[in-house]
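A.B. asks: The structure follows.
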Amino acid sequence: MATMIFQALSMKIENFLIVTFLFLSLSVSAQQEEPVVSSSYNSNEDILMIILTNPTDKKMIIHNSIEGPGSIIQFQFLNDKGERFGFYDEVFSPNWNFPKSISINPRSNIVCKYKMDDIRRGTKRITEIRNVIMDCIIAYSIPDKKIYGVYLNKSLTLKTRQGLSIGFSYDSPVINLSYIKNDDLIRITISNPTDKRMFIHNSRDLHDTSQSFIQFRFINESGEIFDLYTEVFSLEWDFPKLIEIKPHSNIVCKYRLSDIKKGTTRKSEVRKVEAECYVRYSIPEKDIMAVPFKEILTVKTTGHFQIGFSIDSPEVLEPDSVDICPQFPGGYDELQKFLKNNTIYEPEGERNPIIVGFIVEKDGITNPLLMRSIDPYLDREALRLVSIMPKWEPGCLNGTPVRVQYRVLVYFGEMNTLKKER
């Protein structure tokens, strides 16, 4: 009886807090011409809620990423150490529906609900979820104010109750990451939990990302990924095309930290190394052939690798912290033309976008990094496209150009073929 009363009281308190926040959101000055984004977690029903509020006196339209460019959410999973290890992508869904566009009346809001049972499909790590980051990219318009196709980036974090992850599939590899301090080695262990032989299809060179490879990412003291290094799986310092793992056994891939560090010029800032492992594997006796599998793992490095920050690097700001946001030359439409004209692929059909983040400097862009992955081959092409973009117009604060963290969406198709001229 006491438990039922406590749960009922908890629900009332949560509902009161949500209503209170919505009231405060609707009280925002009408001069703010962008959506206000907030979040809440209903622990009783195990539901995440994202609230989009229109603080203006005109109708606002949210453009969902259904049949082309638009809004999208990436749910990222964090463990109790704050390390990311999986993600799940979704569009905005009022009333459990997924419309192409969502209309929000003046000084009103919509609530998008997501069941944790659905969201946690993005990970196979057992009972490790402690926090969920919701990285929202929102495309919106306010036609009566002649505002069309503007993008807003917003990141939200929620704590969840413990024990939200699902168990391993016993027909997929199990990957672990460790660091041997004395030898300064990073070890990636791939285990075969099945009773049949498993084969890992290795990439023989870094240009072939249709097979297995690893992307090492460098993380600074603030938890920011600022550079990366790509490598294939190694067995006894060799790089075989096919790696066999016997039933209920494992292999160990070793990497010298001194070699991995070659991937960055900012060695003094590294505090952790994140390994995003793309594995394509087969279990022929189970008719499992060339199945893709991905795992994100993080390891801390030694003290002598952590030799302090460079004090000459100015602060990097978010787009909503500056007076004038960075812009591709000619605006959003020109950016889309550039991406379409310069890709090596001819897309067929539609699919959700890859998200690439980078820093817009005063004289160009730096530190492109993958923030939302779809396919290893397309991920690499998205990073290439961003790296060859022309100089952006920098963001400004108080009339002075500043460094701004920015994100772009790179679209491919369900099917992608190489262009003939390439």
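Every number here is computed from the coordinates shown, using simple stated rules; none is lab data. Just so we're clear, the structure is a prediction, and the values are computed from it rather than from any experiment. A quick note on method: Cβ atoms are made from the backbone with ideal geometry, for glycine too, and the neighbour counts reach across all protein chains shown.
A.B. asks: Quick one: length gained pulling Ser387 to Asp195 fully straight, 0.36 nm per residue minus the C-alpha distance?
C.D. replies: Gain in length upon complete extension: 64.7 nm.
A.B. asks: Along the Cα→Cβ direction, 7 angstrom out, place labels at Lys159 and Lys300. What is the inter-label distance in nm?
C.D. replies: The two pseudo-label positions are separated by 2.1 nm.
A.B. asks: Which of the peptides 137-144, 324-331, 214-221 is most tightly packed, and how do the rest follow, judged by the mean count of other Cβ atoms within 10 Å per residue?
C.D. replies: 214-221, 137-144, 324-331
A.B. asks: May I pose another question? Looking at the range 316-418, I'd like the Rg to Rh ratio, where Rg is from alpha-carbon atoms and Rh is Kirkwood's inverse mean 1/r.
C.D. replies: Rounded to two decimals, Rg/Rh equals 1.00.
A.B. asks: Can you pull the one-decimal nm distance between simple spin-label points at Ile344 and Asn44, each 7 Å off the Cα toward Cβ?
C.D. replies: 5.5 nm
A.B. asks: For a label point 7 angstrom out from the Cα of Ala290 toward its Cβ, which stretches of the range 209-231 have the backbone nitrogen within less than 12 Å?
C.D. replies: Inside the label zone: 210-212.
A.B. asks: Let me ask something additional. Which entries in the list Lys196/Lys294; Lys113/Lys362; Lys113/Lys300 go over 32 Å, if you measure between the two C-alpha atoms of each?
C.D. replies: Long pairs (Cα-Cα over 32 Å): Lys113/Lys362; Lys113/Lys300.
A.B. asks: What is the list of residues in the range 32-73 whose amide nitrogen lies under 11 Å from a point 7 angstrom out from the Cα of Phe98, following Cα to Cβ?
C.D. replies: 65-67
A.B. asks: Mind giving me the nanometre distance, one decimal, between the label points for Ser321 and Lys113, set 7 Å out from Cα along Cα→Cβ?
C.D. replies: Computed distance between label sites Ser321 and Lys113 equals 3.5 nm.
A.B. asks: Let me ask something else. List the aspartates and glutamates whose alpha-carbon lies under 14 Å from that of Lys115, not counting same-chain residues fewer than 8 positions away?
C.D. replies: Glu45, Asp46, Asp89, Glu90
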